[in-house]
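Read-outs: derived from the displayed coordinates by stated rules, not from any lab. As the structure is a computational prediction, the values presented were derived from the model and not from experiment. Positions of Cβ are backbone-derived with ideal geometry, glycine not excepted, and every protein chain shown enters the neighbour counts.
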Ligand SMILES: [Zn+2]
């Protein structure tokens, strides 16, 4: 029998229209919600990927089944838009878990957020109308036969179903991380599929076996319970800037400020001598960027962090916005570096957002220097209160890429060993960070009449050969050692903040940093500080705790692991 060319042509048309519809509805929904800069849409890539998948589907399924597939894909996108418009983040596997655990709460919070949900609902309704229309139109037309025949067709059909289900047992058996964190530049429907498969393959089995379902896991019994913060507004719309500078891979042990032999932090030391800088040793919430930044932004620390991160209750940008601040996130790290992290910010609460250009990389590593942050700061208006998070690339490896050669403190010799070279490069990157922090603080203070309160910490520390280990992500106490700095303004009310900071013991947690920022934004701080519990919980590579954790405690000027 000759192929039916008319049907063939019509199928092509339907597939093209459907692909355009799926990709552009995702683009329009995210554009409409004002989130396109944080969740970029590589349209051509999305189109090709969707076209390929739809062609495959149509070649093995009848037209009716094909339309059901389209509806499912559209529904996946639609659920993601609801999530984006409410939380400013893609659905995470942990949110699916919470949805089932706290079903009622989710519904209730959904009701209170009715206004925010209007856009995705409208978008969804328009989509459904179009889908229905084309479905009805096509239903009256004869169904063309799929192009592949017989055994091939059923094998491909089985293969599609197999590949769709395959990630679930793969995640369960091998610990594969597909879907663990949504990628900001991915199609909404694909992110939905990823999160669901990770939830089914990892979170659900883990929660069932550890019975966290009933709020009582071994994790939380063994973990520290950091103080909670009161969200009562103490000061309405405080007239000050709150600046949070976030370092990268900056440990404590190579800072002159904390007793290192080389002059790596002359500027910070000079600020300290002028009574303009206070500092403490800090414990990071996790040992990897992807874990500790979401925790800092959501003001949480400890075994239940992923729950807090998913609900975004204490999101710093949200709290700042609610108390009259303009909010900004400025990073020199690239979209690529941040693809898993941006999703954990309450993006709908961000007024200004900029990250490093993906194209400015050398061998896949960002070549943007931290001084770029100062150029970006000039784009903000400094006459109204701002809460700004300046995010550095700091001292991330390869260390030699993190400072201009002219700024070197220690000359790296060709005859130096690999270890010495790396340590010298690392020290040089700190000297450059020292200069950038001081420049940024003094520039902002020169631009505004309002008091400027500045807090600095690093996302985690860095191992530089301790126990023959390098880098971070490893559950080693040194990877959790970070500096915590506070540069107070000269305003009378800053004496209160100075007092709070000076009341702290030698060590503070990352959660103290978040709470201190929230306090600077005008919220009351419950006086459970200084932290009495000197056993700190540090999360491994996974926000849900499934990638391990450790307890650390101060000993001398460093942290040591507490035997479990
Ligand atoms: Zn990091």
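Show me the ranking of peptides 154-161, 433-440, 252-259, 395-402 by mean Cβ neighbours inside 10 Å, starting with the highest.
Final packing ranking: 433-440, 395-402, 252-259, 154-161.
How high is the relative contact order of segment 1-97, in percent, counting Cα pairs under 8 Å that sit 6 or more residues apart? Present the calculation step by step, with values, prior to reporting the outcome.
Values: 37 pairs, mean separation 27.2, N = 97.
Rounded, it is 28 percent for segment 1-97.
If each residue of separation counts as 0.36 nm, what is the full-extension length gain between residue 447 and residue 233 once their alpha-carbon separation is subtracted? Before the final figure, lay out the partial values.
On the way: separation 214, 0.36 × 214 = 77.04 nm, distance 2.75 nm.
Computed gain between residue 447 and residue 233 is 74.3 nm.
Using Cβ contacts closer than 10 Å as the measure, can you line up 126, 423, 30 from fewest to most?
Working: 126 13, 423 19, 30 24.
If I rank by nearby Cβ atoms, fewest first, I get 126, 423, 30.
Label-point separation (nm) for residue 44 and residue 170, each offset 7 Å from Cα along Cα-to-Cβ?
2.7 nm
When the expected Rg is taken as 2.2 N^0.38 Å, what fraction or multiple of it is the alpha-carbon Rg of segment 262-307?
Values: Rg = 15.2 Å, N = 46, 2.2 N^0.38 = 9.4 Å.
My calculation over the Cα atoms of segment 262-307 gives 1.62.
Tell me, in nm to one decimal, what length is gained between residue 362 and residue 126 on full extension, where the rule is 0.36 nm per residue of separation less the Cα-Cα distance?
Gain on stretching residue 362 to residue 126: 80.6 nm.
Is segment 145-186 rounded, prolate or oblate when judged by the Cα gyration tensor, a ≥ b ≥ c being the square roots of its eigenvalues, rounded requiring a/c under 1.5 and prolate requiring a/b larger than b/c?
Numbers: a/c = 6.28, a/b = 1.99, b/c = 3.16.
Cα axes put segment 145-186 in the oblate bin.
Given segment 312-439 reduced to its alpha-carbon atoms as identical point scatterers, what log10 I(q)/I(0) does the Debye formula return at q = 0.10, 0.23 Å⁻¹?
Taking Cα atoms of segment 312-439 as identical point scatterers yields -0.39, -1.31.
So what's the gap between the Cα centers of segment 376-397 and segment 401-465, to the nearest angstrom?
Cα centres, segment 376-397 to segment 401-465: 16 Å.
Does anyone have the angle between helix 150-165 and the longest principal axis of the chain? Alpha-carbon axes, 0 to 90°, nearest 10?
Once rounded, one gets 20 degrees.
Which distance in nm do the two modelled labels at residue 379 and residue 563 give, with both placed 7 Å along the Cα-to-Cβ direction?
Distance between label points: 5.4 nm.
With everything on Cα atoms, drop me the angle between helix 418-447 and the longest principal axis of the chain, reported from 0 to 90° to the nearest 10.
Here the helix axis deviates by roughly 90 degrees.
Please label the shape of segment 392-519 as rounded, prolate or oblate, based on the square roots a ≥ b ≥ c of the eigenvalues of the alpha-carbon gyration tensor (a/c under 1.5 means rounded; beyond that, a/b larger than b/c means prolate, else oblate).
Taking the square roots of the gyration eigenvalues as a ≥ b ≥ c, segment 392-519 is oblate.
Which percentage, to the nearest 5, of the DSSP beta bridges contained in the chain is antiparallel?
On the way: 23 of 49 bridges.
Rounded to the nearest five, the antiparallel share is 45 percent.
Given contacts defined as C-alpha pairs under 8 Å and at least six residues apart, what's the relative contact order of segment 383-489, whole-number percent?
On the way: 108 pairs, mean separation 23.5, N = 107.
RCO, segment 383-489: 22 percent.
Report D for the chain in µm² per second (integer): Stokes-Einstein, Kirkwood Rh on Cα pairs, 25 °C, 0.890 mPa s.
Numbers: Rh = 25.5 Å.
Estimated diffusion coefficient is 96 µm²/s.
For the pair residue 400/residue 414, report the inter-label distance in nm, with labels modelled 7 Å from Cα in the Cβ direction.
1.2 nm
Using 0.36 nm per residue, how much length does the chain from residue 351 to residue 524 gain when fully extended, once their Cα-Cα distance is taken away?
Details: separation 173, 0.36 × 173 = 62.28 nm, distance 2.41 nm.
Taking residue 351 through residue 524 to full extension adds about 59.9 nm, to one decimal.
Quick check: from the Cα gyration tensor, does segment 481-564 come out rounded (a/c under 1.5), prolate or oblate?
Details: a/c = 2.53, a/b = 1.86, b/c = 1.36.
Since a/c reaches 1.5 and a/b is larger than b/c, the shape of segment 481-564 is classed as prolate.
Roughly how tilted is helix 5-32, in degrees to the nearest 10 and between 0 and 90, from the longest Cα axis of the chain?
Its long axis makes an angle of about 30 degrees.
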